[in-house]
Amino acid sequence: MDKPAIHSLYYAMDIAEDLQSFSYIQKENVMDQMDRYNFAAGNWAPTLEELKGKAFAILLFLTGEDEATVSQMIFDAEKND
């Protein structure tokens, strides 16, 4: 998947420093450090629906947590939407 063009919007997950929670964010691609990280880690998608579909795999990879913990993180995030 091609990265979004400079100054276009994309969706990513903002993962808390303790790796126990996250939120979905919309971000403008300005190729700052956060954008570079998101693209390198695969933590982005052009639509929110697509990102939600990839959330489980992304969180498993980025947090290193087990499947039950990641499932709970997603359940908690969706409950708060």
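The values are calculated or read from the model by the stated rules, or taken from the named source; none is laboratory data. Keep in mind that this is a model prediction, so the values were computed, not measured. Every residue, glycine among them, receives a Cβ derived from its backbone with ideal geometry; neighbour counts consider all protein chains shown. Areas reflect the complete protein model, heavy atoms only, side chains present, ligands, DNA and RNA absent. Shrake-Rupley method; radii C 1.70, N 1.55, O 1.52, S 1.80 Å.
One residue alone among 52, 27 is in a helix (DSSP H, G or I), at pLDDT 95 or above and surrounded by 14 or more Cβ atoms within 10 Å (Cβ to Cβ), and that residue is 52.
The C-beta contact set for the stretch 47-69 (first residue in contact (Cβ under 8 Å) with a residue 40 or more places away in the chain, second residue of a type in the set (Phe, Trp, Tyr) and open to solvent by 50 Å² or more (accessible area, probe 1.4 Å), distance under 8 angstrom, 6+ apart or interchain) comprises 51/11. Taking each residue of the stretch 28-41 that is under 12 Å from residue 12 (Cα atoms) and among the hydrophobic types (A, V, I, L, M, F, W, C) and looking for partners that are in a loop (DSSP other than H, G, I, E, B) and open to solvent by 60 Å² or more (accessible area, probe 1.4 Å) with beta-carbon atoms closer than 8 Å, six or more apart or interchain, yields 39/3.
Only a single criterion out of (1) on the phi < 0 side of the Ramachandran plot; (2) out of contact with any Asp or Glu (no Cβ under 6 Å at 6 or more places or on another chain); (3) open to solvent by 30 Å² or more (accessible area, probe 1.4 Å) is not satisfied by residue 45, namely (3). Does residue 37 meet the test of being surrounded by 15 or more Cβ atoms within 10 Å (Cβ to Cβ) and out of contact with any Cys (no Cβ under 6 Å at 6 or more places or on another chain)? Here the answer is no, as residue 37 does not meet what is asked.
Search the stretch 58-80 for residues being farther than 11 Å from residue 22 by Cα and under 13 Å from the mean Cα position of the chain (by Cα), and hand back the single one that is least open to solvent (accessible area, probe 1.4 Å). Filtering first and then ranking leaves 58.
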